[in-house]
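What follows draws every value from the coordinates through simple rules; no lab data is involved. Because the structure is predicted, anything quoted here is derived from the model rather than measured. Every residue, glycine as well, gets a Cβ built from its backbone with ideal geometry; the counts of neighbours run over all protein chains shown.
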Amino acid sequence: DCCLGTSATAPASSGAAAAAASSAMPAGVALPGCELLRLLGEGSFGTVILVRERQTGNLYAVKIMSKAQLASEDQLANIALERQVLREAGPHPFIVECAAGFQTENAVVLVLEYLPGGDFYDLLRSKGLLSEEQAQFYLAEVVVGIGELHAHKFVLRDLKLENILLDADGHVRLTDFGLAGKVNTVGDTSITDLSGTAIYQAPEILSGKGHGTPVDWWALGILAFIMMTGKPPFGGSDRAELYAAIEKAEIDLESNPKAQGWDPITKDFIQGLLTKNPAKRLGSGGVQDVISHPFFRGIDWEALLRMELEPPI
Ligand code: ATP
């Protein structure tokens, strides 16, 4: 049940890399004035290619999704919402910036700022687990990003290590809003479909009773736990056992060996986020609840927002 497996990619020579990138370009999609540099990765619905705009030298990560594949999996509405999130919630220091979005006959294309620091999954794999102090910094940036999404009435619903990218200086950028949901108010819990990544799903998503913004605070609790221990707090030998553990939501950090040595404030923070009842969960009253938790003591939020705080690793 370890979340930090291996997924190394071999560096390719630039000629071969450019050829691979150009062969990954779907027919009918052209990026005039841009040089294709290399394939950055492949998601469930398409491809992400690193390109350089010839005139400016700017680098972009261009995400190209096949309409046929999106349609076959009923994802066209999600993509429309992903574009809406990028348009309405950005630009923001902790949310990936979208320079342009367009569609061709067969594809939907998002031109995103290029984030060279990789994702948080790779950061943990290469640098090891985070101390409470290191986690405090990254989680603070994530919290501000989530707060911005919520302020625009979006629920991220897919917060996880892989969806936190890092810029050249090591600041976080939330990305991948393909599963986002829209609510009418911060207290609205009218979303009912099951989505997201199993280990991060909140109990109310599994019970199907309707959910809203507190699911992102639950996922923050899972994320924080993984950052500091390398493992999710709830597990099981199969999906059914995992879901049963999540629905029970019993987490006893006092006797949990992984949390040994944690400051009681850290335990209280995680426990608050991993509260089964979304109405009682830390964050249910809004982002300010989370920001005010003593786990974030000492953070200068104004400086954080100006990206003046130095990433610890
Ligand atoms: P899924 O869509 O199934 O969740 P995913 O998150 O891997 O999968 P994408 O968001 O399409 O899919 O990303 C594919 C790869 O491209 C990932 O490895 C990701 O780290 C990389 N990537 C995505 N956006 C950027 C970006 N703006 N800058 C740099 N790399 C990026």
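Can you list the lysines whose alpha carbon is less than 24 Å from that of Lys127, not counting same-chain residues fewer than 8 positions off?
Correct list for Lys127: Lys160, Lys231, Lys258, Lys267.
Summing Lys, Arg as +1 and Asp, Glu as -1, what charge do residues with Cβ under 9 Å from the Cβ of Trp217 carry, Trp217 excluded? Please report the intermediate quantities before stating the final value.
Values: positive: Arg281; negative: Asp216, Asp289.
Once all neighbours under 9 Å are counted, the net charge is -1.
For the stretch 61-92, run through the GluC sites (Glu not before Pro) and keep only the ones in DSSP coil with at most 13 other Cβ atoms within 10 Å of their Cβ.
Working: sites: Glu73, Glu82, Glu88; in loops: Glu73.
The qualifying sites are Glu73.
Under 17 Å between alpha carbons, and skipping anything fewer than 8 positions from Lys280 in its own chain: which aspartates and glutamates qualify?
Asp188, Glu204, Asp216, Glu247, Glu250, Asp268, Asp289
In deg cm²/dmol and to the nearest 500, what is the mean residue ellipticity at 222 nm of the chain if only DSSP H runs of at least 4 residues count, each as -39500 (n - 2.57), divided by the residue total? Each step should come with its number before you reach the end.
Numbers: 11 runs with 110 residues, N = 313.
Theoretical 222 nm ellipticity from helices: -10500 deg cm²/dmol.
Select from Pro232, Pro93, Pro32 the residue whose mean-square fluctuation is largest in a Gaussian network model of the chain (Cα-Cα springs shorter than 10 Å).
Pro32
Just the number, please: percent antiparallel of the DSSP beta bridges in the chain, rounded to the nearest 5. Write down the numbers at each step before the final one.
On the way: 34 of 35 bridges.
Bridges in the chain that DSSP calls antiparallel: roughly 95 percent.
Which helices count as membrane-span-like in the chain under these terms: full DSSP H, at least 24 Å along the axis by C-alpha, Kyte-Doolittle mean of 0.0 or more? List each step's numbers first, then the result.
Values: long enough: 132-151 (27 Å, 0.33).
Within the chain the helices that satisfy the rule are 132-151.
May I ask for the longest run of the chain untouched by trypsin sites (Lys or Arg not before Pro) that are loop-located per DSSP and have at most 12 neighbouring C-beta atoms (other than their own) within 10 Å? Please list the in-between numbers first.
Details: sites that count: Arg54, Lys209, Lys280, Arg297, Arg306.
No qualifying site falls inside 55-208, the longest such stretch.
Would you please name the GluC sites (Glu not before Pro) within the stretch 248-313 that are DSSP coil residues with at most 15 other C-beta atoms within 10 Å of their C-beta? If you can, show how the numbers build up before the last one.
Numbers: sites: Glu250, Glu254, Glu302, Glu308; in loops: Glu250, Glu254, Glu308.
Counting only loop positions with at most 15 other Cβ atoms within 10 Å, the GluC sites (Glu not before Pro) in the stretch 248-313 are Glu250, Glu254, Glu308.
Looking only at Leu149, Leu81, Leu274, which one moves most when the chain is put into a Gaussian network model with springs between Cα atoms under 10 Å?
Leu81
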